[in-house]
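I have placed the structure first, in the form of structure tokens, so that the comments after it can refer back to it.
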Amino acid sequence: MDQIEDERQLKEWLDRLQLEHRELDVTISHLTESRHHDSMRIQRLKHRKLKVKDAIHKIESELIPDLDA
């Protein structure tokens, strides 16, 4: 049961990260299109978006079952 629970928790975490990634994308696009002058804020958001994307890829790779060669 522990493996099933772990997988469920990973999928929930993946869903939250994917939502955050989409929200960051919308926010960055809005700030860029509105010619927002706080370039440091935009850079921080872009950096956070990259970290979230890396976390998404890591979780996705953990969810791929190991194949015996």
Round to the nearest 10 and give me the degree value, 0 to 90, for the angle of helix 39-63's Cα axis relative to the longest principal axis of the chain. 10
For the chain, fraction of C-alpha pairs farther apart than 14 Å, in %: 66
Accessible area per residue of the chain at 1.4 Å probe, in Å²? 87
Whole-percent carbon and sulfur contribution to the accessible surface of segment 15-69 (1.4 Å, no ligands, DNA or RNA) stands at 53
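The values are calculated or read from the model by the stated rules, or taken from the named source; none is laboratory data. This is a predicted model, so every value here is computed, not measured. We work out accessible area using only protein heavy atoms, side chains counted, and drop any ligands, DNA or RNA first. Shrake-Rupley method; radii C 1.70, N 1.55, O 1.52, S 1.80 Å.
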